[in-house]
Amino acid sequence: MPNLLFIQKMKFSSLLAAFLISSCMSTSSEGSNNDVSEAVAPVAKSDFREAKPLFGHKPLPSKQSAASFGSYAKGCLAGGERLAETGPTWQAMRLSRNRNWGHPELIDFVESLSRKAAQQEGWEGLYVGDLSQPRGGPMLTGHASHQIGLDADIWMLPPQRLDLTAQERENISSISLRRAGGAYTNDNWTRQHQEVMKAAAEDPRVARIFVFPGAKVRMCNEATGDRAWLNKIRPWYGHHYHFHVRLKCPDGLKGCVDQAPPPAGDGCDAAQTWVDSILNPPPPKPRDPNAPKPQPKRPITMASLPAQCSAVLSSQ
Ligand SMILES: [Zn+2]
């Protein structure tokens, strides 16, 4: 049996080495990073500016070929494509946020899902919420993810019309589908909601769909035939005014970091367990007086993003 302490020491010393290299050689070129894993030492390691306002205030995408760099909650988007504000089967909402940008694969996905939604009774298409900022990156408000142009929020409000003015799109609210803290769906739920989410899940480009636990359990109970699509429907907090679609990294995109796929199976038991815990919350754990104070979350700096994000930010 390997000596655990020894392994831990080794890990620590290599981490220390990486830290020393990354903090000393702040102006190094890419080549000098060869001996350090990319995850530990991004190239722009001397840039400790907070990334949020830098990306949040870029009005346009970078003039680069399309690429997603990093992971959903720590990355950026090169060559972002704009989802048209209005299309034959969709409208982008809250235009003032300027978050109707994504990797071309995401734009194509949203448009194709909106065509499928438009076939549902009572749905003219889709109202599309936040995608990404023009160059992705961390957002000024809301969302930890949506950073690499592969996440999309789709409103639960079935579109009755697709001629909303920009002002109407600021004022209108979506509808919530949840009841009892997300344990159940409410009367706004329709079979069509399920069909739209199912259509999204059946698209091979999709990695995950986040929706509140009660919706997942409802779909588990109502699904007939092939249940494979349920695997991608992931119960999560919030997500009752919209569902969130996350695409896999497009094929051949170097530098785009996929999330591990969901565990095998339909995930229905786990969703039911979550619902049960909403209905019968476990007693709160007694506080450990010796527990370390939780550290405040550090803001994402340019140095903590993938190195390519510096070029994305400074590109024309
Ligand atoms: Zn989202």
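The test for being at pLDDT 95 or above, away from the ligand (no atom under 16 Å from the Cβ) and surrounded by 14 or more Cβ atoms within 10 Å (Cβ to Cβ) does not hold for GLN167. Only a single criterion out of (1) under 19 Å from the mean Cα position of the chain (by Cα); (2) free of Cβ contacts under 8 Å to residues at least 60 places away in the same chain; (3) not in a loop (DSSP other than H, G, I, E, B) is not satisfied by ARG115, namely (1). If the condition is being at pLDDT 95 or above, among the small types (Gly, Ala, Ser) and more than 14 Å from the chain's Cα centre (by Cα), then region 215-271 contributes ALA215, ALA223, ALA228, GLY255, ALA264, GLY265, GLY267, ALA270, ALA271. Scan region 116-144 for residues that are within 14 Å of the ligand (Cβ to nearest atom) and surrounded by fewer than 19 Cβ atoms within 10 Å (Cβ to Cβ) and the total you get is 4.
Pairing residues of region 120-144 that are touching a residue at least 24 places away in the same chain (Cβ under 8 Å) and over 19 Å from PHE109 (Cβ atoms) with residues that are of a type outside the set (S, T, N, Q) and within 16 Å of the ligand (Cβ to nearest atom), at Cβ distances under 6 Å and at least 6 apart in sequence or on separate chains, gives ARG135/LEU77; ALA144/ALA73. Using the structure shown, decide if LEU60 is modelled with pLDDT of 95 or more and under 20 Å from the mean Cα position of the chain (by Cα). In short, no.
Taking the numbered list (1) at pLDDT 95 or above; (2) buried (at least 20 other Cβ atoms within 10 Å of the Cβ); (3) out of contact with any His (no Cβ under 7 Å at 6 or more places or on another chain) in turn, LEU77 passes all entries but (3).
The values are calculated or read from the model by the stated rules, or taken from the named source; none is laboratory data. Model, not experiment: these values are computed from the prediction. In this analysis, Cβ positions are derived from the backbone assuming ideal geometry, glycine residues included, and neighbour counts consider all displayed protein chains.
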